[in-house]
Amino acid sequence: MALIIDRKPVTEDRWQWLADDQALPAEGPVVLPLARWLDEADALAGRETGVRVNGDDDLQQVLALQDRVSLFAVEFPAFTDGRGFSIARLLRRGGFKGEIRAIGDVTRDRLAHLERCGFNALQIPDERYSPDVLQAFDEIGVHYQGGASLARPAYPQS
């Protein structure tokens, strides 16, 4: 997977991504599925952690973790599932300053919109990545809806 953070390609991911059945390593930042993170919250105290979420997860549980994790990895299981855009936007509007990473079905044509909704990191499948992907952030210059930091639409309101 190719990783872009703050519009720059990153060659090494500092996070350890754990599945439900993998043992918790002794040290280093880890990303866990939401259910596992909640189950092991006490054991994770004082450690840098991230949580992997998707549109099926309880949004209130996700938002409640803003002050306890450094990274939210928001999964896009399919192109037609846009719930991840809303998750990122709500996290940013709620004041989350850490990394919000899009994972899963991440495509070039949605990179600029992902960024506008609050994502600052994107994990792109290798078969979809090429260096010109970075141009996608600036290909659209006019936006009719507000972004994560702008609640109103771009058109004049009366």
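Read the figures in this text as sums done on the coordinates, not as results from a lab. Computed from a predicted model, the values in this text were never measured in an experiment. Cβ sites come from the backbone with ideal geometry, for glycine too, and all protein chains shown count toward neighbours.
Qualifying chymotrypsin sites (Phe, Trp or Tyr not before Pro) in the stretch 41-143, where qualification requires a DSSP coil assignment and no more than 12 other C-beta atoms within 10 Å, comprise PHE79.
Put simply, the C-alpha atoms of the chain give a gyration tensor, and the ellipsoid matching it has half-axes of 27, 19, 13 Å, longest first.
Only the Cβ atoms of Lys and Arg (+1) and of Asp and Glu (-1) were treated as charged; on that basis the dipole of the stretch 1-95 about its Cα centre amounts to roughly 560 debye. Seen from ALA121, the other residues with C-beta closer than 11 Å to its C-beta sum to a net charge of -1, counting Lys and Arg as +1 and Asp and Glu as -1.
A simple spin-label model places pseudo-atoms 7 Å from Cα toward Cβ; at ASP132 and GLU40 they are separated by 4.2 nm.
What does the net charge come to around ARG52 if you take all other residues with beta carbon closer than 13 Å to its beta carbon, with K and R at +1 and D and E at -1? The answer is -3. For the stretch 41-57, 3J(HN,Hα) computed residue by residue from phi via the Karplus equation (6.51, -1.76, 1.60; θ = phi - 60°) reads 3, 5, 5, 8, 4, x, 10, 6, 9, x, 10, 9, 10, 8, x, 7, 6 Hz, glycine and proline entered as x.
Based on every Cα atom in the stretch 46-103, Rg and the maximum pairwise Cα distance Dmax equal 10.7, 37 Å. Here the Karplus curve 6.51 cos²θ - 1.76 cosθ + 1.60, taken at θ = phi - 60°, turns the phi angles of the stretch 95-100 into couplings of x, 5, 9, x, 7, 10 Hz, with x standing for Gly and Pro.
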